[in-house]
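Trainee: Pasting in a structure now, in structure tokens, and then I'll have a few things to ask.
The values are calculated or read from the model by the stated rules, or taken from the named source; none is laboratory data. All of these numbers come straight from a predicted model, not from anything done at the bench. Glycine gets a Cβ as well: all are built from the backbone with ideal geometry, and neighbour counts include every protein chain shown. Heavy atoms of the whole protein, side chains included, go into the accessibility calculation; ligands, DNA and RNA do not. Shrake-Rupley method; radii C 1.70, N 1.55, O 1.52, S 1.80 Å.
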Amino acid sequence: MFLKVGLFPDYSIYSAIVLSICISIRAVNQMKWGRIMNRQIISFVAVLFVFAVSGAQSPDPVYFDRTEYGVGDAPAYAHIADLDGDGDEDVVSANKLTHDVSVLLNNGDGTFQADSVYGAGGNPVSVCAVDLNGNGNNDLAVANWLTGNVSILLNSGGGVFQAAVNYGVGVGPYSIHAYDLDDDGDNDLAVANWTSNNVSILINNGDGTFQAAVNYGTGYNPRLVFISDLDGDDDGDLSVASAGSNCASILKNNGDGTFQARVNYPAGNDCCSIFSCDLDGDDDHDLAVANWNSNYVAVLKNNGDGTFQGGDYYNAGNTTSSMWASDLDEDGHADLIAAGWYSHNISVFYNNGDGTFQPVEHHPVGTNPITAAAADLDDDGDSDLVTSNYGSDNVSVLLNEMETAVESGMVISPTVTAFGSYPNPLNASTTIKYSLMEPSEVRINIYDLLGRKIETLVHGQQPAGNHRIVWNATGFSTGVYFYRIQAGDYSETKKMVLLK
């Protein structure tokens, strides 16, 4: 990427060079030999200007094709996961005023079937989908604001769910996240409780039933909890957006699913949402925070030990109601995505590659979007977007229209195109996608940072077409890994970052 200058926002630094040379022409003309040199300099300037405009511009912008799908009343949260086990990403919405969740199954191309509705508790405001009982299907966990509990809906297979079983938590549960917190191989739950100013930890018994909640104090009015390994010790720590304290509350895991006392970091005004991933390319988890009562998102960079630097603030141009991060422009860096409640759009900040971000771009969605999420919905290798639109009772699906190598006709090799893995960084599993131009003998191996082969995912003949394979990294520690894909005479190696 070329450095831009403010005077020429659409062109590279080479435009500034052109300006300097043009100014120099006047000085040259004042010299006795100016008439001789002037024509040559002008020709040089013209060539350099063409280079600056055509060869040194920023990457093409990302465009989105938007469609709305109806759900229940006042959808407060949308989550993306494969719910019916067919290998593509489906959507589930928590509908606050109809006290239910809507499941929208993907047709495989980023379009969705009409929603199937399942009852939850009173005023469900958050939902996550993850395998809770170890049968390989993603189940649903729902935070119910009014009734102060969590509903568990186990997946019977095919995206069909059993009746809800409820577990008590704190007062005013506002968000829920799943992670193996006690390192026993199953997924536990963390719930942010707005009114009681704490988070509830529900430890899984291994079968999708849960022990009684244990509560830990946060800042005032915790609105969202996110789990990731912040201090590099391979367990899940808690990042909490504490709205009433205007901070991010960090609770480090002791390694057994119990947590240390919170440490608060200022993060703006009315911190309403938080997301954690590596933003600056140093292989640790940084924080991105959305602020309801200001137009800014905050980025707090990790020092590598789960402590954080002061925030860098970026103007979204409107109130931000949620935060997500994903690589939208396929440059290998996580971009920021924020939902804009009052402006009825999403704000996108593209990463410069070092954890600093370009000025915001806006994309319209439905009315009062309250959350946003990203995943590859149409199986084309890039990240698409979903928003839950509280005011219009629907979800917006925005399919990323950036051309992939296959769509643009560019063939990376005569045999195979490797799309990369998603998610990356990962904390449990990632999906590796690739396309074969012709039937081929394919081998995909996983290597650690020392170059040791640790797993073979694929070894055999495969037909032409699109393929995907999941790497389950549950048994591996935090670090950098590589996968190597070989097909015919072609091979390519790509990096993955595992963060727990």
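Trainee: What's the center-to-center distance, using Cα atoms, between the range 248-276 and the range 110-188 in Å?
Mentor: 22 Å
Trainee: Collect residues whose amide H, placed 1.01 Å from N in the peptide plane, falls under 5 Å from the amide H of D82; neighbours closer than 5 in sequence don't count.
Mentor: HN-HN under 5 Å from D82: D90.
Trainee: Still on this model: Under 15 Å from the Cβ of A192, count the other residues' Cβ atoms, weight Lys and Arg +1, Asp and Glu -1, and hand me the total.
Mentor: Around A192, the charge tally is -1.
Trainee: Still on this structure: Return the ratio Rg/(2.2 N^0.38 Å) for the range 307-441, where Rg is computed over Cα atoms only.
Mentor: The reported ratio for this selection is 1.18.
Trainee: Explain nothing, just compute: Karplus ³J(HN,Hα) = 6.51 cos²θ - 1.76 cosθ + 1.60, θ = phi - 60°, for every residue of the range 171-178 in order, whole Hz, x for Gly and Pro.
Mentor: 9, x, x, 10, 8, 9, 9, 10
Trainee: By accessible area of protein heavy atoms, probe 1.4 Å, what ranking do E361, E441 get, highest first?
Mentor: The most accessible residue leads, giving E441, E361.
Trainee: Now for a different question. In whole Hz, with x marking every Gly and Pro, tabulate ³J(HN,Hα) for the range 300-306 from phi via Karplus 6.51 cos²θ - 1.76 cosθ + 1.60, θ = phi - 60°.
Mentor: 10, 8, 6, 7, x, 10, x
Trainee: Output the pairs from K301/K494; K252/K494; K453/K494; K433/K494; K453/K495 with a Cα-Cα distance over 21 Å in this structure; if there are none, say none.
Mentor: K301/K494; K252/K494
Trainee: To the nearest 10 square angstrom, how much accessible area does W324 have with a 1.4 angstrom probe?
Mentor: Counting only protein heavy atoms, the figure is 50 Å².
Trainee: If ligands, DNA and RNA are left out, what is the accessible area of Y483 with a 1.4 Å probe, given in Å² to the nearest 10?
Mentor: Approximately 0 Å² of Y483 is accessible to the 1.4 Å probe.
Trainee: How big is the accessible area of R262 in square angstrom, nearest 10, if you roll a 1.4 angstrom probe over the protein chains?
Mentor: Its accessible surface works out to 110 Å², give or take rounding.
Trainee: Nearest 0.05, what FRET efficiency do K453 and D305 give at R0 = 22 Å with Cβ-Cβ as r?
Mentor: 0.10
Trainee: List, in order, the whole-Hz ³J(HN,Hα) value for each residue of the range 142-153 obtained from phi through the Karplus relation with A = 6.51, B = -1.76, C = 1.60 and θ = phi - 60°; use x for Gly and Pro.
Mentor: With the stated coefficients, the range 142-153 comes to 10, 8, 10, 4, 6, 8, x, 8, 10, 9, 10, 10 Hz.
Trainee: Explain nothing, just the number: dipole magnitude of the range 185-303 about its Cα centre with +1 on each Lys and Arg Cβ and -1 on each Asp and Glu Cβ, in debye rounded to the nearest 20.
Mentor: Here the size comes out at about 800 debye.
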